[in-house]
There are 2 protein chains.
Amino acid sequence: MKLAETGRFLKNFGFSRNTLVVTDKNAGRLYAGTVLKSLRRAGFNPSAVTLEPGEKHKNISSVAKIYGSAVKAGLDRKSAIIALGGGVVGDLAGFAAATFMRGVPFVQLPTTLLAMVDSSVGGKTGFDLKEGKNLAGAFCQPKAVLIDLSTLKTLPARHVANGMAEVIKYGVIMDAEFFDYLEKKAGEGWDLEKIVFRSLELKASVVEKDEFEEKGLREILNFGHTFGHACETLSGYGPVLHGEAVAAGMAAAAGLSVKLGRMTAGESARLKNLLKKAGLPAEFKKKFKPSEILKVMLRDKKTRNGRLRLVLPSRIGKAEVVSGVPEKIIREVL
Amino acid sequence: MKLAETGRFLKNFGFSRNTLVVTDKNAGRLYAGTVLKSLRRAGFNPSAVTLEPGEKHKNISSVAKIYGSAVKAGLDRKSAIIALGGGVVGDLAGFAAATFMRGVPFVQLPTTLLAMVDSSVGGKTGFDLKEGKNLAGAFCQPKAVLIDLSTLKTLPARHVANGMAEVIKYGVIMDAEFFDYLEKKAGEGWDLEKIVFRSLELKASVVEKDEFEEKGLREILNFGHTFGHACETLSGYGPVLHGEAVAAGMAAAAGLSVKLGRMTAGESARLKNLLKKAGLPAEFKKKFKPSEILKVMLRDKKTRNGRLRLVLPSRIGKAEVVSGVPEKIIREVL
């Protein structure tokens with residue numbers, strides 16, 4: 001699918017004419033022209049709002065900016081809000097779509113590997129509070145996700161690695177064969193089409209069984225995220241990319257698993273090696289105090305009555321949610 | 001049900017210990033002590049956040065304030081957010097409950113007639129943008145609604161009238177017999193217990209058939225609200241109470257219905273008389289330009305592709321959604 005076909009594709013969804021494209025300066029500069037032209041040609045009356053790029057701007061002010069643009073664009077309840085960009089743009093636009101007029105249709109045009117393999121599917125949207133990442137949000141399934149793989153050609157290497165963290169995660173928590181495949185390919189260059197496709201299959205298979213994260217199934221997708229989110233929050237959002245934080249978080253969770261006797265040191269080493277080969281951190285940075293990290297981790301959405309719950313791998317290809325790990329042991333790992 | 005029984009009642013819902021009571025200065029001063037004590041006695045660890053009262057504060061800043069308090073209170077995903085107060089408190093607390101951690105349980109303790117008969121049931125939550133009322137929001141059904149009728153004893157007459165506007169609305173759109181009953185009672189003093197009970201029955205019967213307002217059924221509850229919301233928005237939220245604006249809006253919609261030959265002048269006069277007897281305005285104030293009012297009305301959530309849709313009564317006891325009323329005729333009624 002090409003971005004230039006967006007309008008033709010969306011014509012059949014019954015959306016209202018007025019529509020709003022939400023993008024950021026990076027994606028907007030490269031692709032907004034193509035998308036807007038395509039929408040106009042298909043009979044839509046599109047407006048656009050361009051956000052500042054980066055996690056630092058994934059906050060309530062950006063949401064308010066989208067609301068204002070939605071009113072100016074004359075959206076009604078059948079008008080689509082279209083996210084064009086990476087995960088931050090998708091999360092913000094999705095939250096605005098979930099809540100503007102109590103819900104308008106939402107479409108995702110992900111242009112980064114991270115957004116393609118992770119945030120564009122599953123329906124999690126939201127924004128960060130200064131106290132913690134993604135602490136406000138809504139579930140909002142997109143009506144359509146259009147993936148134009150050619151946008152990955154312009155993606156800097158650091159951002160390819162950023163997406164690969166989530167890809168490797170799928171291997172660890174649920175698909176040993178996929179992990180083997182990634183180990184083989186590491187270094188010789190990724191086949192991103194194949195990787196995107198398999199990642200989406202894996203994620204969708206979990207999400208469709210537990211869309212609203214009520215059954216404990218979907219939580220395994222959070223592997224590396226409890227540690228990772230704390231790292232992002234303490235860094236002030238931005239300097240550490242999401243995938244980098246998740247990579248360090250997966251390494252920490254695997255280390256904890258080994259310490260608890262739940263996983264062998266060999267399996268943990270395989271994970272760390274693959275992370276390094278993918279250009280990702282394989283250990284948790286020591287710049288924050290363990291007690292500070294723990295405090296932020298306790299605000300995690302999986303916590304219940306003050307008891308932290310963590311996703312821990314038992315081997316490559318399998319992970320589960322574990323509660324009641326003594327804080328002392330977590331502190332040692334950190 | 002008494003507010004002092006809140007804790008005992010909520011004990012059986014499986015909520016986490018930490019819980020947050022959202023109130024405003026008016027309701028908080030009168031009832032927060034009772035509710036917090038009752039929660040503590042039942043084993044909860046409650047915190048409270050007190051908002052400024054009034055529609056003027058039903059905005060994104062108040063939502064952000066609740067998020068901050070929710071983090072401080074140590075809420076987790078099974079912790080309830082409890083609204084104690086009128087419609088504004090309920091709408092804000094409900095939106096925060098719908099979106100904090102992508103959704104935590106929500107409980108309503110309405111203390112005004114308006115909140116009891118209207119906003120506390122149905123699951124509509126949200127806040128105002130400067131461009132229009134309730135333009136951001138979410139559907140969020142409360143897990144429980146506890147109504148303590150004794151709170152109405154301290155309610156000023158103007159706020160009783162404020163709630164009666166929605167009560168009269170139910171009669172006009174769906175229950176001629178209830179309207180007759182209200183006509184008979186007007187002036188001799190309302191039996192509020194009976195009125196609250198019947199209003200809730202009527203509202204629930206509509207909402208359960210069309211919870212997310214997708215089938216065109218629930219929209220009739222919007223009778224008087226398209227005109228009314230425009231009046232509230234243009235007044236800058238606050239000086240005109242919601243029920244007062246809805247009353248004026250119902251009078252305008254009935255006038256329009258008569259002009260279009262959809263309803264007799266006699267039926268319209270019955271509505272206006274009852275509104276007056278209930279201490280409510282029975283005509284639309286002339287202080288705004290019709291073109292300005294129309295502009296705001298077009299941002300209504302029922303609008304589709306620039307076509308305004310209005311709820312118009314055909315007789316006492318029946319109303320329907322009508323689209324394509326010429327703007328010229330609306331302007332004449334205004």
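Worth a mention:
- The set of residues in the stretch A:12-36 being hydroxyl-bearing (S, T, Y) and within 14 Å of A:F106 (Cβ to Cβ) consists of A:S16, A:T19.
- Residue match in the stretch B:207-225 (condition: at pLDDT 95 or above, more than 26 Å from B:T151 (Cβ to Cβ), of a type in the set (D, E) and in a helix (DSSP H, G or I)): no
- Within the stretch A:115-157, being within 14 Å of another protein chain (Cβ to nearest Cβ), open to solvent by less than 10 Å² (accessible area, probe 1.4 Å) and either free of Cβ contacts under 8 Å to residues at least 12 places away in the same chain or over 18 Å from A:H57 (Cα atoms) (or both) holds for A:G122, A:G123.
- Residues satisfying the stated conditions in the stretch B:82-93, i.e. touching a Pro at 6+ places or on another chain (Cβ under 9 Å), assigned to a helix (DSSP H, G or I) and open to solvent by less than 10 Å² (accessible area, probe 1.4 Å): B:V89, B:G90
- The stretch A:42-77, subset within 11 Å of chain B (Cβ to nearest Cβ) and in contact with a Lys or Arg (Cβ under 6 Å, 6 or more places away or on another chain), residue nearest to A:K11 (Cα to Cα): A:N45
- For first residues located in the stretch B:83-111 and away from chain A (no Cβ under 13 Å), partners that are assigned to a helix (DSSP H, G or I) and of a type in the set (F, W, Y) and lie 6+ apart or on another chain with Cβ distances below 8 Å form the pairs B:L84/B:Y31; B:L109/B:Y31; B:T111/B:Y31.
- First in the stretch B:302-313 and within 20 Å of B:R262 (Cα to Cα), second anywhere and β-branched (V, I, T) and assigned to a strand (DSSP E or B), Cβ under 6 Å, 6 or more apart: B:R309/B:V321; B:L310/B:V322; B:V311/B:V321; B:L312/B:V322
- Residue check for B:L51: touching a helix residue (DSSP H, G or I) at 6+ places or on another chain (Cβ under 7 Å), touching a residue at least 24 places away in the same chain (Cβ under 8 Å) and crowded, with 19+ Cβ neighbours inside 10 Å: yes
- Elements of type strands (runs of 3 or more DSSP E) in the stretch A:94-190, at least 2 residues being closer than 25 Å to A:V296 by Cα: A:124-129, A:132-139
- Residue within the stretch A:54-62 that is out of contact with any Leu (no Cβ under 7 Å at 6 or more places or on another chain), of a type in the set (D, E, K, R) and in a helix (DSSP H, G or I) present: yes
- Scanning the stretch A:203-216 for residues that are open to solvent by less than 80 Å² (accessible area, probe 1.4 Å) and either farther than 19 Å from A:Q108 by Cα or among the polar types (S, T, N, Q) (or both) gives A:S205, A:V206, A:D210, A:E213, A:G216.
- Among (1) of a type outside the set (D, E, K, R); (2) under 16 Å from B:K133 (Cβ atoms); (3) touching a strand residue (DSSP E or B) at 6+ places or on another chain (Cβ under 9 Å), the one test that B:S235 misses: (3)
- Considered as a group, the residues in the stretch B:158-188 that are of a type in the set (D, E, K, R) and open to solvent by 40 Å² or more (accessible area, probe 1.4 Å) include one that is nearest to the chain's Cα centre (by Cα), and that residue is B:R158.
- Flag if B:S79 is open to solvent by less than 10 Å² (accessible area, probe 1.4 Å) and at pLDDT below 95: no
The values are calculated or read from the model by the stated rules, or taken from the named source; none is laboratory data. Owing to the predicted nature of the structure, the values given are computational and were not obtained by experimental measurement. Note that each Cβ is placed from the backbone with ideal geometry, even for glycine, and that neighbours are counted across all protein chains shown. What goes into the accessible areas is simple: the full protein's heavy atoms, side chains included, and nothing from ligands, DNA or RNA. Shrake-Rupley method; radii C 1.70, N 1.55, O 1.52, S 1.80 Å.
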